[in-house]
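Structure record follows, encoded as structure tokens.
The values are calculated or read from the model by the stated rules, or taken from the named source; none is laboratory data. Remember, it's a predicted structure, so these values are computed and weren't measured experimentally. Positions of Cβ are generated from backbone atoms using ideal geometry, with glycine treated the same way; all protein chains shown enter the neighbour counts.
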């Protein structure tokens, strides 16, 4: 496994990065997208059909691409803020976990604790197992001692409650990034499907202000290059540029529209 987590390093330094969501549970697609030049790829186990074997296979595929020159790093969005799910994803080799539905500082503290082995003064609750993929199946004698320093927690702010508590969440030690989930946030605000509604944009700005105040990075999902540029201009450093399904459907529909045989 990597000794340094590039995602955590970039979030701490403020370096802007661009990633992509993986929803198809396909190692081949993960490897292909990794070769396209993204900085990171999030394997989606909340909405995508990814179980622990799918996660492992895709992390392997991303690592294989890196061995051949790609820079992408794999991360995992777990199904829920559940220590048992976090433990399994990290044992598979994930150093960065994206946590859905973080609505309070208490939620954020639990998320961070679930990523950390119980070393003195660190408050971790992660179950200890060195003979897993993340620890080179027991061959990396330093893994258990060094894993905590590279654990990266990205928490999803995607409800009215989370926006209200954004500043408290941003103050939690160990939270590396507040990722704004505009789809669920807009629904929570009563504007389902209206992610660019003025009230939603105001909520996004409020979360960004809270993150800046406490020196935390901000992440968001962009559905287009134009949208990604707008977010970058506003100071968002961790930008997901759509998804594997998005690029596949866009490529196919754009080609068919251009071909125009049926019109």
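Across segment 48-59, a minimum of one residue is classified as free of Cβ contacts under 8 Å to residues at least 60 places away in the same chain, in contact with a strand residue (DSSP E or B) (Cβ under 8 Å, 6 or more places away or on another chain), assigned to a loop (DSSP other than H, G, I, E, B) and within 22 Å of residue 24 (Cβ to Cβ). Evaluation of residue 52 against the conditions (1) surrounded by fewer than 15 Cβ atoms within 10 Å (Cβ to Cβ); (2) at pLDDT below 95 shows that the sole unmet condition is (2).
Check whether at least one residue in segment 238-248 is assigned to a loop (DSSP other than H, G, I, E, B) and either under 23 Å from residue 107 (Cβ atoms) or touching a residue at least 40 places away in the same chain (Cβ under 8 Å) (or both), and report yes or no. No, segment 238-248 contains no residue that is assigned to a loop (DSSP other than H, G, I, E, B) and either under 23 Å from residue 107 (Cβ atoms) or touching a residue at least 40 places away in the same chain (Cβ under 8 Å) (or both). Here residue 107 fulfils each of the conditions (1) surrounded by fewer than 24 Cβ atoms within 10 Å (Cβ to Cβ); (2) closer than 29 Å to residue 37 by Cβ; (3) in contact with a helix residue (DSSP H, G or I) (Cβ under 8 Å, 6 or more places away or on another chain) apart from (2). For segment 16-42, the tally of residues that are touching a helix residue (DSSP H, G or I) at 6+ places or on another chain (Cβ under 8 Å) and part of a loop (DSSP other than H, G, I, E, B) stands at 7. Taking (1) under 26 Å from residue 12 (Cα atoms); (2) in contact with a helix residue (DSSP H, G or I) (Cβ under 6 Å, 6 or more places away or on another chain); (3) surrounded by fewer than 15 Cβ atoms within 10 Å (Cβ to Cβ) in turn, residue 178 satisfies each apart from (3).
If the condition is being outside any helix (DSSP H, G or I) and surrounded by 22 or more Cβ atoms within 10 Å (Cβ to Cβ), then segment 181-204 contributes only 181. Mind listing whichever residues of segment 209-235 are outside any helix (DSSP H, G or I) and touching a residue at least 40 places away in the same chain (Cβ under 8 Å)? Hits for segment 209-235 are 214, 216, 217, 218, 219, 220, 221.
Of the helices (runs of 4 or more DSSP H) lying entirely inside segment 60-168, those containing at least 2 residues that are under 18 Å from the mean Cα position of the chain (by Cα) are 83-91, 105-115, 143-150. For residue 44, state whether it is buried (at least 16 other Cβ atoms within 10 Å of the Cβ), closer than 17 Å to residue 245 by Cβ and in contact with a strand residue (DSSP E or B) (Cβ under 7 Å, 6 or more places away or on another chain). When the stated conditions are applied, residue 44 passes them.
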